[in-house]
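The values are calculated or read from the model by the stated rules, or taken from the named source; none is laboratory data. Note that the coordinates shown come from a computational prediction; the quantities given were computed from them, not determined experimentally. Note: ideal-geometry Cβ built from the backbone for every residue, glycine included; neighbour counts use all protein chains shown. With ligands, DNA and RNA removed, areas are computed over all heavy atoms of the protein, side chains included. Shrake-Rupley method; radii C 1.70, N 1.55, O 1.52, S 1.80 Å.
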Amino acid sequence: MKSFDERKMRISPSQDIEPITLQELMASPRKVTSEERWHSLSVEKQSHSAFVDKALDLKHLANLETKLASHGDQVPKLDKKTWFKYESEFDRYRKQLSKKKDLLISLVMEEGRIIGFAIALLKKDGSAIIKILDVDADSRRSSGVAVDLQIEETQFSIGVGHLAIQILTSHLRGTITVDATSSASRFLFKSLGFVHVEGDPNPCHLLRSQLYTES
């Protein structure tokens, strides 16, 4: 796979967690998560549109392609040189597109090869549930495929997962829910406008009303 500057490039600077200052976070002896840094921002600085813009910047700067697939569309198989955690689930949903009308799949591709995808289940009331988000191991933020966003003194990385979710949600019009089981995924979804479900004791349950249209 062609490297995105050797998978090392950074472009730019260009249960709910209690608010905490950046200074308090930096004084912590453990590694600070992106989710915690997100919550350290004041509400007025939590700019979801800035993350959307950066995700689209990544698409252009890394020469990535995006595609949205629904009922009747053909979706290519995953390349054998890529590694996805949910490869078998992707193949199952890919095959179901020919029969089911309640699926929507966003694809992020590099030179025709899928490097990221997101899958949503569409409900009759217009809402949607995001079932899966996955990125090829060599194309993740941790591998350097990202652009950076600086908000005051705090820096964030925006990657292929952000782009896959932005492409998917930009075509949804109702409430969107997701069970984001890791801190990294919760940061990603929160940075794109998702919030914790009020009154739900499970901090992984997030939702978002339609906020954006595709740029």
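Projected label points at residue 32 and residue 183, each 7 Å from Cα along the beta carbon direction, are separated by 1.2 nanometres.
Bridging of residue 31 to lysines at a Cα separation below 16 Å is possible for none of them, once same-chain residues fewer than 8 apart are set aside. Computed with every protein chain present, the accessible area of residue 92 is close to 110 Å² [probe 1.4 Å]. Taking 0.36 nm per residue of sequence separation and removing the Cα-Cα distance, the residue 197/residue 109 pair yields an extension gain of 28.5 nm.
Here region 46-84 and region 143-164 have alpha carbon centers that stand 15 Å from each other.
Extending 7 Å from the Cα toward the beta-carbon at both residue 175 and residue 205 defines two label points whose distance is 1.1 nm.
Ordered by 1.4 Å accessible area with all protein chains kept, 145, 32, 195 run largest first as 195, 32, 145. Put a dot 7 Å past the Cα of residue 154, heading toward its Cβ, do the same for residue 98, and the two dots end up 4.7 nm apart.
With R₀ fixed at 45 Å, the C-beta to C-beta distance from residue 83 to residue 44 puts the FRET efficiency at about 0.70. Among the listed pairs 59/85; 54/100; 45/67; 54/131; 67/124, those whose Cα-Cα separation exceeds 28 Å are 54/100; 45/67. Highest mean first, the peptides 78-86, 128-136, 48-56 sorted by other C-beta atoms within 10 Å per residue fall in the order 128-136, 48-56, 78-86.
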